[in-house]
Every structure is written in structure tokens, then in C-alpha cells.
Amino acid sequence: MKIRTVKFPNEDVIMQLNTSTTVADAKLALRIQKEIPDVENIRFFYNGREMIDSKTLGNFSYGVGTIIQAMIK
């Protein structure tokens with residue numbers, strides 16, 4: 001499964017994650033990959049709603065190629 005997060009309008013980040021990955025772990029992976037100082041500065045949104053850290057990516061109904069937006073403070 002590929003999840004594309006958008007950090008800036010001109011930059012996409014592709015991460016290989018599975019459905020058992022928690023949202024919190026996905027944020028940590030993004031933080032490490034993009035050298036973001038603090039994971040608390042990242043918020044993920046899918047389908048217009050903020051994703052809850054304790055949920056797994058499999059808890060959200062999406063398919064391959066789905067875009068998850070990342071808001072970074």
C-alpha cells in the first residue's frame with residue numbers, strides 16, 4: 001500500500017506502510033524521513049477529517065493511491 005502525504009504543494013512524500021500501522025507510527029515515519037523536529041507538529045487528515053493517533057491505517061476505508069494530507073506546524 002502506498003500512502004502519499006503532502007508536506008508542501010510542490011512536494012509529495014511516498015511511504016510504504018501497511019494496514020496494521022498506527023497513525024502515530026506513520027507520523028513518526030514521516031518525521032524521521034523529513035527531519036521534522038517534533039511528531040506533535042504533524043496532523044494527518046483523510047477525507048476531510050483528522051486521523052486519530054491510536055487507530056491503525058486499516059481502520060480508515062481507502063484504497064491504493066489514496067491521498068492522506070499532512071499538516072505540519
- Message: Every residue in the stretch 60-69 that is surrounded by fewer than 12 Cβ atoms within 10 Å (Cβ to Cβ) and either in contact with a His (Cβ under 6 Å, 6 or more places away or on another chain) or in contact (Cβ under 8 Å) with a residue 12 or more places away in the chain (or both), please.
- Response: V64, G65
- Task: Please name all residue pairs, on different chains or six or more residues apart, with Cβ atoms under 9 Å, provided the first residue is in the stretch 43-59 and is at positive phi and the second residue is open to solvent by less than 90 Å² (accessible area, probe 1.4 Å).
- Result: N47/F60; N47/Y62; N47/T66
- Query: From the list L57, L17, which one is modelled with pLDDT of 85 or more and surrounded by 15 or more Cβ atoms within 10 Å (Cβ to Cβ)?
  - Reply: L57
- Item | Filter result (assigned to a loop (DSSP other than H, G, I, E, B) and more than 12 Å from the chain's Cα centre (by Cα)) within the stretch 20-54 | S20, E35, I36, P37, D38, N47, G48, S54
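The values are calculated or read from the model by the stated rules, or taken from the named source; none is laboratory data. Quantities reported herein were computed from a predicted structural model and do not represent experimental measurements. So basically every Cβ, Gly included, is an ideal-geometry build from the backbone, and we count neighbours across all protein chains shown. Ligands, DNA and RNA are excluded from the accessible area calculation, which covers all protein heavy atoms including side chains. Shrake-Rupley method; radii C 1.70, N 1.55, O 1.52, S 1.80 Å.
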